[in-house]
Amino acid sequence: MVDTTKNTKLFTSYGVSTSKTVTPEMAAKLISKAKRPLLMVGTLTLDPELLDRVVKISKTANIPIAATGSSKVSLADKDVDAKYINAHMLGFYLTDPNWPGLDGNGNYDTVIVLGFKKFYINQVLSAAKNFSNLKTIAIERGYIQNSTMSFGNLSKADHYAALDELIDNL
Amino acid sequence: MSKLTTGSFSIEDLESVQITINNIVGAAKEAAEEKAKELVKAGPTLFPGLESYRDDWNFKLLDRYEPVITPMCDQCCYCTYGPCDLSGNKRGACGIDMLGHNGREFFLRVITGTACHAAHGRHLLDHLIETFGEDLPLNLGQSNVLTPNITISTGLSPKTLGEIKPAMEFVEEQLTQLLATVHAGQESAEIDYDSKALFSGSLDHVGMEISDVVQVAAYDFPKADPDAPLIEIGMGTIDKSKPFLCVIGHNVGGVTYMMDYMEEHELTDKMEIAGLCCTAIDLTRYKEADERPPYAKVIGSMSKELKVIRSGMPDVVVVDEQCVRGDIVPEAQKLKIPVIASNAKIMYGLPNRTDADVNETLEELKSGKIPGCVMLDYDKLGELCIRLTMEMAPIRDAEGITAIPTDEEFTNLVAKCADCGACLLACPEELDIPEAMGFAKEGDFSYLEELHDTCIGCRRCEQVCKKEIPILNIIEKVAQKQIAEEKGLMRAGRGQVSDAEIRAEGLNLVMGTTPGIIAIIGCPNYAEGTKDVYYIAEEFLKRNFIVVTTGCGAMDIGMFKDEDGKTLYERYPGGFQCGGLVNIGSCVSNAHITGAAEKVAAIFAQRTLEGNLAEISDYILNRVGACGLAWGAFSQKASSIGTGCNILGIPAVLGPHSSKYRRALIAKTYEEDKWKVYDARNGQEMPIPPAPEFLLTTAETWQEAIPMMAKACIRPSDNNMGRAIKLTHWMELHKKYLGEEPEDWWKFVRNEADLPLAKREDLLKKLEAVHGWEIDWKRKKIISGPKIKFDVSAQPTNLKRLCKEA
Ligand code: SF4
Ligand code: SF4
Ligand code: SF4
């Protein structure tokens, strides 16, 4: 078991409120419990190791994917429910209760993020953090302070292991 | 009481006394305001103030393009009531909420950028009037519309240096008003900060226009010249055997004196003068109106400042203003490079030698008694910098000074790495330095080498390394070969787009048959590396877009070559035409990019510029397919440039780092009532497609940015052929870079003639099968389905007041 709750070191802070750390098991539980979850993936998922796990998460838990950046290239032939959308626009739409969502069935209650540079996803999520009740769960290699919940800072190997553990618990 | 004006007059009874008044503060502007009001055709907003654009235009834009606030911090610490925790949109002790506070933060950036360009313009204007006189004509090439941004704001069309003064005063006065609004307990509504930011953006383009037109006229820069000379660019172009003077910043005023001194003393082939950032662009425009063989060079963008100093190559560094690093003096001092501060905006705490004897100052600097000095007298500056460079070079050469470690030092330094990860956490680019160090220990340097192009040379990593490893030097060491090969070409900044070019392209742009104008501008805070902008420029050039460029973006595009060893500037013409790569000039030349769009409205469509910002912007938003790209925007100036584009209806895509500006402008594509305009012929509402879908947003990768920009060039006014061309490019680019065709292409189809020709049949099938549209298969026509009708003579506008029956 990987302890994903320990290292929450930051170089700079966004201030008073930072995300709670979660274990892979807890993250899996929260994801399974969500009524309308969305898996938001960034371009770092072009890394085959991450890509493989994104596909597994989406398929195992039956979660649609918002493929941001240029991540859609590698997801196009993976038989997952993935749609391209710009991350910044998605970050905004997620704060709008009237957004019909990627499938026309309404906004989401839980967003799981993976595959971003820290500075970018923190910034994109800061809209949701301040101006909505959306629950965001970061399962990144780095600690994402602006999500509601996050893994701590991990080594590459531990990150892959944590994701595998999460998948096993879905 | 009659008002004093400039001029001469005598006082009764004192017949031999004559008093001459040359300048009364504000008088020129006051007189100009009176004159402008007499313009019969002027629009409603001559000499606008904080409120002028708000209701008539800005709020209309902001209703569709909603401010998206992404705070950088939970806290506000702006006044002594605070710090206040505003997270979750709480209100602080003063009553402002998180939205308002962040609106203020964004606005503060925009007015700071505006002030930078305006102050730059003021400095040049005063200096050039002092040197050349008020009557120096604004010779900018063969055009009638010379200053569209000035004209829109003030109604004036200055023809000499002196006639620019009222516009300069106008910008300065409004900036003071704007700055006052950020005081605690002033404006608190986010939306009004946005409106004020947009206004400031419009002022910024006036300030930039002033800066550039005065230097183009007085310094004999290329004047709307598509064949401006090609300039050598890159660290590899510097001949290390020659003394090297390195100039950094944005204001070329002082550098012209150095170049004059070099020319007078026949030193142009005996030493190197090269620059970083926009000073570099402008020094290579100096006296190039006649396309003389250039000798000055460009090293590159801001991110190379520290790297160049660490290389030890410069013998003297001169800084002027804007985007100059704060650690140049301590860094240069370590390598015995004297630093001359040539502009009062950056004095670095150095001793001021403006009034001292040049010979004495030279000795002080050579001996290292002082690490540098302030020198504000340009005549002395020219002499001092050149003589110092010539004399420092042999001294520094003899000592062989560089910060780049030897092979042995390198091995030892790499071995010291404890894999603690502190540098990775500190690096703003999130470069995996520890991993690269690990591979280097095993003799594989490729990982370190790969970091070089993405590294912005900020040295945040070095400061946290407990093992005191000079990480930047380590990266630069392995990149030595790469750096030696950094040799490209950039076309010297050619200045504004001429009236003739606008006349030739206007119709194509408004009909959409020229697929769009792509403006690549701004700084080098790229997410992945310098080459991003090259890839983007190349893709659009191949597709016959007009690619205009300025600043660091213009440089980085020229750094790379194709298989035949050719740069993009060699492969594509420099004219404002289909498939042209148009380097307009430095940051301040950005005013000519908005100017080109404004000139389409003025020259091609005969719209009034004077005091008519809303109508001009409305025209651009609905008809001129243009999209900006500030891929590495880092500065406050970049935010004001972009915001100035936004108020004019020009969308811009920024790189991921620019999410840290805290504010984007994004439309809800799913809210149908946001996508309606009026038909100016009768005032009736007409639905339009959701494009552009943003005025300001970020993309995560250059591959994502390309289709976004192609899509953002779609405009309601496109004719069938134009729409088909634009859809073709967007759909192809989306497929190429994002792996599949876009989902929402059908929203842009008004009838079958809009469909990309090569795929018409296939797309008709999709319209029928997926979207339930009715198709007449015999005639290959759409019978029903589209929500938007096509009418070639419709006149889309967001301004009800422009409609005939309104
Ligand atoms: S300006 Fe307002 S929110 Fe900011 S510190 Fe002062 S009281 Fe608090
Ligand atoms: S100098 Fe380069 S590697 Fe070091 S922190 Fe800055 S960007 Fe990262
Ligand atoms: S901070 Fe220094 S010791 Fe730590 S990983 Fe980076 S280079 Fe190595």
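The values are calculated or read from the model by the stated rules, or taken from the named source; none is laboratory data. A quick note: this is a predicted structure, and the numbers were derived from the prediction, not measured. No Cβ is skipped: glycine too gets one built from the backbone with ideal geometry, and neighbour counts run over all protein chains shown. Ligands, DNA and RNA are stripped out before the accessible areas are found, and what is left, the full protein with its side chains, is counted by its heavy atoms. Shrake-Rupley method; radii C 1.70, N 1.55, O 1.52, S 1.80 Å.
Looking at the range B:694-794, the strands (runs of 3 or more DSSP E) lying wholly inside it that each contain 1 or more residues that are surrounded by fewer than 21 Cβ atoms within 10 Å (Cβ to Cβ) and away from chain A (no Cβ under 14 Å) sit at B:774-776, B:781-784. Scanning the range B:59-79 for residues that are within 8 Å of chain A (Cβ to nearest Cβ) and not in a strand (DSSP E or B) yields a total of 5. Scanning the range B:641-692 for residues that are among the acidic types (D, E) and touching a Phe, Trp or Tyr at 6+ places or on another chain (Cβ under 9 Å) gives a single hit, B:E685. Please work out if A:E140 is touching a residue at least 24 places away in the same chain (Cβ under 8 Å) and touching an Asp or Glu at 6+ places or on another chain (Cβ under 8 Å). No, not satisfied. The requirement of being farther than 30 Å from A:K9 by Cα, more than 14 Å from ligand 3 (Cβ to nearest atom) and either within 14 Å of another protein chain (Cβ to nearest Cβ) or over 24 Å from the mean Cα position of the chain (by Cα) (or both) is fulfilled somewhere in the range B:487-500, by at least one residue. Contact map, the range B:366-386: first residue closer than 12 Å to B:L350 by Cα, second residue acidic (D, E) and part of a helix (DSSP H, G or I), Cβ cut-off under 6 Å, separation 6 or more or different chains; pairs are B:I370/B:E364. Under the condition of being in contact with a strand residue (DSSP E or B) (Cβ under 9 Å, 6 or more places away or on another chain), open to solvent by 20 Å² or more (accessible area, probe 1.4 Å), farther than 18 Å from B:V324 by Cβ and not β-branched (V, I, T), the residues counted in the range B:353-380 number 3. Across the range B:461-481, the qualifying residues are those that are within 9 Å of ligand 2 (Cβ to nearest atom) and surrounded by 19 or more Cβ atoms within 10 Å (Cβ to Cβ), and the one among them that is farthest from the other protein chains (Cβ to nearest Cβ) is B:I475. Could you list, in sequence order, the residues of the range B:620-662 that are more than 16 Å from the chain's Cα centre (by Cα) and open to solvent by less than 10 Å² (accessible area, probe 1.4 Å)? Once the filter is applied, which keeps residues that are more than 16 Å from the chain's Cα centre (by Cα) and open to solvent by less than 10 Å² (accessible area, probe 1.4 Å), the range B:620-662 yields B:I620, B:L621, B:N622, B:V624, B:G625, B:G649, B:P656, B:S659. Scanning the range B:449-474 for residues that are more than 10 Å from ligand 3 (Cβ to nearest atom), assigned to a helix (DSSP H, G or I) and more than 30 Å from B:D564 (Cβ to Cβ) gives B:R460, B:L472, B:N473. Reported count of residues in the range B:533-560, each being of a type outside the set (A, V, I, L, M) and surrounded by fewer than 24 Cβ atoms within 10 Å (Cβ to Cβ), is 8.
Counting only residues that are open to solvent by 30 Å² or more (accessible area, probe 1.4 Å) and aliphatic (A, V, I, L, M), the range B:431-460 holds 1 of them. Run down B:R122, B:R104 and say which single residue is in contact with a helix residue (DSSP H, G or I) (Cβ under 9 Å, 6 or more places away or on another chain), open to solvent by 20 Å² or more (accessible area, probe 1.4 Å) and away from ligand 2 (no atom under 16 Å from the Cβ). Of B:R122, B:R104, the one residue that is in contact with a helix residue (DSSP H, G or I) (Cβ under 9 Å, 6 or more places away or on another chain), open to solvent by 20 Å² or more (accessible area, probe 1.4 Å) and away from ligand 2 (no atom under 16 Å from the Cβ) is B:R122. Among the residues of the range B:104-120, just one is within 14 Å of chain A (Cβ to nearest Cβ) and either away from ligand 1 (no atom under 16 Å from the Cβ) or in contact with a strand residue (DSSP E or B) (Cβ under 7 Å, 6 or more places away or on another chain) (or both), namely B:F106. Please indicate, with yes or no, whether at least one residue in the range B:403-422 is buried (at least 17 other Cβ atoms within 10 Å of the Cβ), more than 16 Å from ligand 1 (Cβ to nearest atom), within 14 Å of another protein chain (Cβ to nearest Cβ) and at negative phi. Yes, the range B:403-422 contains a residue that is buried (at least 17 other Cβ atoms within 10 Å of the Cβ), more than 16 Å from ligand 1 (Cβ to nearest atom), within 14 Å of another protein chain (Cβ to nearest Cβ) and at negative phi. Annotation note: of B:V533, B:V510, the sole residue that is away from ligand 3 (no atom under 16 Å from the Cβ), β-branched (V, I, T) and within 16 Å of the chain's Cα centre (by Cα) is B:V533. Of the numbered criteria (1) away from ligand 3 (no atom under 11 Å from the Cβ); (2) outside any helix (DSSP H, G or I); (3) surrounded by fewer than 17 Cβ atoms within 10 Å (Cβ to Cβ), the one B:P428 fails is (3).
Considering every residue within the range A:46-59, establish whether at least one is touching a Leu at 6+ places or on another chain (Cβ under 8 Å), at pLDDT 95 or above and closer than 24 Å to B:D74 by Cβ.
no
Looking at the range B:265-352, the strands (runs of 3 or more DSSP E) lying wholly inside it that each contain 2 or more residues that are at negative phi and within 23 Å of the chain's Cα centre (by Cα) sit at B:272-276, B:297-300, B:316-319. Within the range B:147-157, is even one residue in contact with a Gly (Cβ under 8 Å, 6 or more places away or on another chain), part of a helix (DSSP H, G or I), open to solvent by 20 Å² or more (accessible area, probe 1.4 Å) and not basic (K, R)? No, the range B:147-157 contains no residue that is in contact with a Gly (Cβ under 8 Å, 6 or more places away or on another chain), part of a helix (DSSP H, G or I), open to solvent by 20 Å² or more (accessible area, probe 1.4 Å) and not basic (K, R). Assess whether B:D97 counts as being more than 26 Å from B:E610 (Cβ to Cβ), among the acidic types (D, E) and open to solvent by less than 30 Å² (accessible area, probe 1.4 Å). Yes: the conditions hold for B:D97. Take the conditions (1) aliphatic (A, V, I, L, M); (2) within 22 Å of B:T154 (Cβ to Cβ); (3) modelled with pLDDT of 95 or more; B:L39 misses just one of them, which is (3).
Just one of the listed residues (B:A484, B:A500, B:A519) is more than 16 Å from ligand 2 (Cβ to nearest atom), touching a Gly at 6+ places or on another chain (Cβ under 8 Å), open to solvent by 50 Å² or more (accessible area, probe 1.4 Å) and in contact (Cβ under 8 Å) with a residue 12 or more places away in the chain, namely B:A484. For the criterion of being touching a residue at least 60 places away in the same chain (Cβ under 8 Å), within 20 Å of B:L654 (Cβ to Cβ) and in contact with a helix residue (DSSP H, G or I) (Cβ under 8 Å, 6 or more places away or on another chain), B:Y535 passes. Filtered by the rule that a residue be within 14 Å of chain A (Cβ to nearest Cβ), open to solvent by less than 20 Å² (accessible area, probe 1.4 Å) and part of a loop (DSSP other than H, G, I, E, B), the range B:663-693 gives B:A667, B:P690, B:A691, B:P692. Could you list, in sequence order, all residues of the range B:158-185 that are under 22 Å from B:N646 (Cα atoms), open to solvent by less than 10 Å² (accessible area, probe 1.4 Å) and not in a helix (DSSP H, G or I)? Answer for the range B:158-185, where residues must be under 22 Å from B:N646 (Cα atoms), open to solvent by less than 10 Å² (accessible area, probe 1.4 Å) and not in a helix (DSSP H, G or I): just B:V182. Taken over the range A:69-113, residues that are more than 7 Å from chain B (Cβ to nearest Cβ) and touching a Gly at 6+ places or on another chain (Cβ under 7 Å) amount to 3. If A:K33 satisfies all but one of (1) surrounded by 17 or more Cβ atoms within 10 Å (Cβ to Cβ); (2) under 29 Å from A:N86 (Cβ atoms); (3) away from chain B (no Cβ under 14 Å), what's the number of the condition it fails? Looking at each condition in turn, A:K33 falls short on (1).
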